[in-house]
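Report on the following structure.
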Amino acid sequence: MAGSTLASPSAEIIALAPARARPFSPGREAWRRFRRHRLALAGGVILIAMALAIVLAPLFWKVAINDIDFTARLNGPSWSHPFGTDDLGQDLLARMLYGGRISLSVGLAAMSVAIVVGTIIGAIAGMSRGWLGSALMWLTDFFLSLPLLPLLLLVIYLFRDALRAMFGLEGGVFILIVVVIGGLRWMPVARLVRAQFLSLREKEFVEAARALGATRTRQVVRHILPNALGPVIVAGTIDVAAAIILESTLSFLGLGFPPDIPSWGRILYDAKDYLDIAPHWALFPGAAIFLTVLSINFVGDGLRDALDPRRVM
């Protein structure tokens, strides 16, 4: 028709085509799944807030952890002492903030030991097709059969004095607790990693890498291990919570940190004889342990859902 303009076919196709989708990213997809787990998000926010409070404590709360004030013994929460005081008049908020560094550091360090040892043993067992893999699993089953808490108490009782002499009071106890807890928590990680390796080593992409001449080390480092890290990360969050509870148990039994180095478990241990007249002394460290472990477990649940490629959310 005269005077009319016709749009070109290419322009119509461009106009009707949908907007270009963002390229798929495993990390972005995992974050999207994690955000939809509201309890995991809440747990992550709580952990971040606790970590910031512990790290920044010297900036906003400058009370020394061992300052003694006998005129303020066993006082309840107040403006000057928001968490109250203990039997020596020491500020519980300052001791809680300092103890949080110890408890969280023990949890993270022990988790790292357990993850590294368990991943190495599980990877070797999963890639070995002969007697070595069976021997490593027999060793794992042997350690799993040992009673954890009595063994912890025995090892700490035997070696803590020697380590204190070598690394000092705080350093020796810290190293001993981390090594013992991490050294006795690697077995579930090893079994998990072995199961993942047994499944992944028969996948097509690993067979293709093997056919192209990739060495066994390259197969593990570049192809198998990255695909097995999801369950390992989830197991790591569980190990952090378990290590915090074990450290608190050891301190509560009197075999952890000494009184002048407060951890949350040590504060609970010191408060056990004053529950009837100063319940706040045990309330705050107990609540901190409970809230931290619960938040870590929520984050672990969220990571499990986010890193599971078979889960559709």
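The values are calculated or read from the model by the stated rules, or taken from the named source; none is laboratory data. This structure is a prediction, so every number in the text was calculated from the model and none was measured. Using ideal geometry, Cβ is built from the backbone for each residue, glycine included, and neighbour counts are taken over all protein chains shown. Accessible surface is based on the protein model in full, side chains and every heavy atom, while ligands, DNA and RNA are left aside. Shrake-Rupley method; radii C 1.70, N 1.55, O 1.52, S 1.80 Å.
So in region 172-199, with the set limited to residues that are without any contact (Cβ under 8 Å) to a residue 60 or more places away in the chain and either touching an Asp or Glu at 6+ places or on another chain (Cβ under 6 Å) or outside any loop (DSSP other than H, G, I, E, B) (or both), which one is nearest to Asp161 (Cα to Cα)?
Gly172
Using beta carbons and a limit of 9 Å, which pairs, at least six apart or on different chains, have the first residue in region 249-277 and free of Cβ contacts under 8 Å to residues at least 60 places away in the same chain and the second one of a type in the set (D, E, K, R) and open to solvent by 60 Å² or more (accessible area, probe 1.4 Å)?
Once the first residue is free of Cβ contacts under 8 Å to residues at least 60 places away in the same chain and sits in region 249-277, its partners that are of a type in the set (D, E, K, R) and open to solvent by 60 Å² or more (accessible area, probe 1.4 Å) give Phe252/Lys272.
From the list Thr292, Thr249, Thr237, pick out the single residue that is polar (S, T, N, Q), farther than 20 Å from Gly183 by Cα and in a helix (DSSP H, G or I).
Thr292
Going through Asp161, Asp87 one at a time, which residue ends up being in a helix (DSSP H, G or I) and within 23 Å of Asp260 (Cα to Cα)?
Only one candidate qualifies: Asp161.
Condition check: assigned to a helix (DSSP H, G or I), open to solvent by less than 80 Å² (accessible area, probe 1.4 Å), out of contact with any Asp or Glu (no Cβ under 7 Å at 6 or more places or on another chain) and not polar (S, T, N, Q). Does Leu303 satisfy that?
It is true that Leu303 is assigned to a helix (DSSP H, G or I), open to solvent by less than 80 Å² (accessible area, probe 1.4 Å), out of contact with any Asp or Glu (no Cβ under 7 Å at 6 or more places or on another chain) and not polar (S, T, N, Q).
Identify all residues within region 120-142 that are open to solvent by 60 Å² or more (accessible area, probe 1.4 Å) and either basic (Lys, Arg) or in contact with a Leu (Cβ under 7 Å, 6 or more places away or on another chain) (or both); write none if there are none.
Correct list: Ile124, Arg129.
Can you say whether Arg222 is part of a helix (DSSP H, G or I), of a type in the set (Lys, Arg), touching a helix residue (DSSP H, G or I) at 6+ places or on another chain (Cβ under 8 Å) and closer than 19 Å to Arg185 by Cβ, as far as the supplied structure shows?
Considered against the rule, which asks whether it is part of a helix (DSSP H, G or I), of a type in the set (Lys, Arg), touching a helix residue (DSSP H, G or I) at 6+ places or on another chain (Cβ under 8 Å) and closer than 19 Å to Arg185 by Cβ, Arg222 comes out as no.
In region 75-100, which residues are touching an Asp or Glu at 6+ places or on another chain (Cβ under 6 Å) and open to solvent by 10 Å² or more (accessible area, probe 1.4 Å)?
Answer for region 75-100, where residues must be touching an Asp or Glu at 6+ places or on another chain (Cβ under 6 Å) and open to solvent by 10 Å² or more (accessible area, probe 1.4 Å): just His81.
Can you say whether Ser103 is among the hydroxyl-bearing types (Ser, Thr, Tyr) and open to solvent by 50 Å² or more (accessible area, probe 1.4 Å), as far as the supplied structure shows?
no
Among the listed residues Ser134, Ser103, identify the single one that is touching a residue at least 12 places away in the same chain (Cβ under 8 Å) and in a helix (DSSP H, G or I).
On inspection, the qualifying residue turns out to be Ser103.
For residues in region 56-74 being out of contact with any Phe, Trp or Tyr (no Cβ under 7 Å at 6 or more places or on another chain) and touching a residue at least 40 places away in the same chain (Cβ under 8 Å), which is least open to solvent (accessible area, probe 1.4 Å)?
Ala57
Enumerate the helices (runs of 4 or more DSSP H) found wholly within region 24-70, keeping only those where 2 or more residues are within 19 Å of Arg95 (Cα to Cα).
Because the criterion is at least 2 residues that are within 19 Å of Arg95 (Cα to Cα), the helices (runs of 4 or more DSSP H) in region 24-70 that meet it are 38-55, 57-60.
Would you pick out the residues in region 196-237 that are of a type in the set (Gly, Ala, Ser) and surrounded by 15 or more Cβ atoms within 10 Å (Cβ to Cβ)?
Ala209, Ala214, Ala228, Gly230, Ala235, Gly236
Which ones in region 252-273 are open to solvent by less than 40 Å² (accessible area, probe 1.4 Å) and at pLDDT below 80?
Of everything in region 252-273, those that are open to solvent by less than 40 Å² (accessible area, probe 1.4 Å) and at pLDDT below 80 turn out to be Gly254, Leu255, Gly256, Phe257, Pro258, Ile261.
Please work out which one of (1) more than 27 Å from Arg160 (Cβ to Cβ); (2) at pLDDT below 75 is the condition Ala211 fails and give its number.
Checking Ala211 against (1) more than 27 Å from Arg160 (Cβ to Cβ); (2) at pLDDT below 75, the one that fails is (2).
Quick one: in region 56-79, which of the residues that are farther than 16 Å from Trp281 by Cα and β-branched (Val, Ile, Thr) is farthest from the chain's Cα centre (by Cα)?
Checked region 56-79; the qualifying residue farthest from the chain's Cα centre (by Cα) is Thr71.
Give just the number: which of (1) under 19 Å from Ile175 (Cα atoms); (2) more than 23 Å from the chain's Cα centre (by Cα); (3) at pLDDT 85 or above does Ala94 not satisfy?
Failing condition for Ala94: (1).
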